[in-house]
Every structure is written in structure tokens, then in C-alpha cells.
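Okay, structure first, notes after.
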Amino acid sequence: MRFLLLLLLIILVVPYLLRLLFPWLLRYMGKRIQRSFEENNRTKAAGNTIKRTPPKRKKIDKNVGEYVEYEEIRDK
């Protein structure tokens, strides 16, 4: 009898508690993730770790033929 009462209590109470605690848990985890992203962005900006690559030049093979650079003109 004691086992059945305990089982019934668990079956009824645990889902109710989860329904109450789950939204709080999601908000808490969301705030933690947001805080960690903000900290990572601050450290990257403070450390000047942004690297820029020089612009790439067009490679032209001399054996292919003549290279002609042109602009496209639109008709009105």
C-alpha cells in the first residue's frame, strides 16, 4: 500500500513540478548562454584578433588567350 501511494504521488507531483520549473530553467540557461557569448565577443574585440587578408589578384594564364576586361552596359 505504501509503495502504491508513493508511486501515485510521484506520477501526479513530478509532472506538475516539471511544468512549473521548466520555463524557469529555460530562461536561466538562455541567460547563461547569452552571457557567455557576450564575454567571448568582448575578449575578441579587446584582443584585436581580427585578421584581414589582402585582396586576391586575378590570375591570368598567358597560354589561354587574350584577356579583355569589360563593363556591362544596360539599355533603358
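The values are calculated or read from the model by the stated rules, or taken from the named source; none is laboratory data. Note that the coordinates shown come from a computational prediction; the quantities given were computed from them, not determined experimentally. Here Cβ is always computed from backbone atoms with ideal geometry, including for glycine, and neighbour counts include all displayed protein chains.
Any residue that is outside any loop (DSSP other than H, G, I, E, B), loosely packed, with under 10 Cβ neighbours inside 10 Å and at pLDDT below 80 - is there at least one of those in region 46-57?
Narrowing region 46-57 to residues outside any loop (DSSP other than H, G, I, E, B): 46.
In the following step, the residues that additionally are loosely packed, with under 10 Cβ neighbours inside 10 Å were identified as 46.
So of that shortlist, the ones also at pLDDT below 80 come out as 46.
Yes: region 46-57 contains one or more residues that are outside any loop (DSSP other than H, G, I, E, B), loosely packed, with under 10 Cβ neighbours inside 10 Å and at pLDDT below 80.
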So Leu21, is it at pLDDT 75 or above, within 26 Å of the chain's Cα centre (by Cα) and surrounded by 10 or more Cβ atoms within 10 Å (Cβ to Cβ): yes
